[in-house]
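Some notes on the structure that comes next.
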Amino acid sequence: MKQLFTILGLVVGAMAAYGQATTDEQLAAHYYREGDFQKAGLYYQKLYQRQKTDFYYDYYLRCLLQTKAYDDARKLVKTHLKAN
């Protein structure tokens, strides 16, 4: 019985984490489409920190450039290039 609750807890936790990522993705895309690059950048930063994909990198970099955060953009490019 204890194992059942443990497994159930893990499944619910995984579903909650997946749901959060989906929500962050949706909010990031929404703010980006609306031209609110400051808010979109915050979400893409969080997504990129969780999952270092080229997709999140690209949108996060675009947001930094749109908001003229050139120093942050430069740092992002350097770390991304080192990692790849």
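Ala16 meets all of the listed conditions (1) hydrophobic (A, V, I, L, M, F, W, C); (2) more than 14 Å from the chain's Cα centre (by Cα); (3) surrounded by fewer than 17 Cβ atoms within 10 Å (Cβ to Cβ); (4) at pLDDT 95 or above but one, namely (4). Within segment 46-84, the set of residues being among the basic types (Lys, Arg), within 19 Å of Gly35 (Cβ to Cβ) and more than 17 Å from the chain's Cα centre (by Cα) comprises Lys68 only. The set of residues in segment 37-77 being among the charged types (D, E, K, R) and surrounded by 15 or more Cβ atoms within 10 Å (Cβ to Cβ) consists of Lys39, Lys46, Arg62, Asp72. The test for being in a helix (DSSP H, G or I), without any contact (Cβ under 8 Å) to a residue 12 or more places away in the chain and not small (Gly, Ala, Ser) does not hold for Lys68.
Filtering Ala29, Ala21 for residues that are surrounded by 13 or more Cβ atoms within 10 Å (Cβ to Cβ), part of a helix (DSSP H, G or I), out of contact with any strand residue (DSSP E or B) (no Cβ under 8 Å at 6 or more places or on another chain) and at pLDDT below 95 leaves a single hit, Ala21.
The values are calculated or read from the model by the stated rules, or taken from the named source; none is laboratory data. All values derive from a computational prediction rather than experimental measurement. Glycine also receives a Cβ, built like all others from the backbone with ideal geometry; neighbour counts cover every protein chain displayed.
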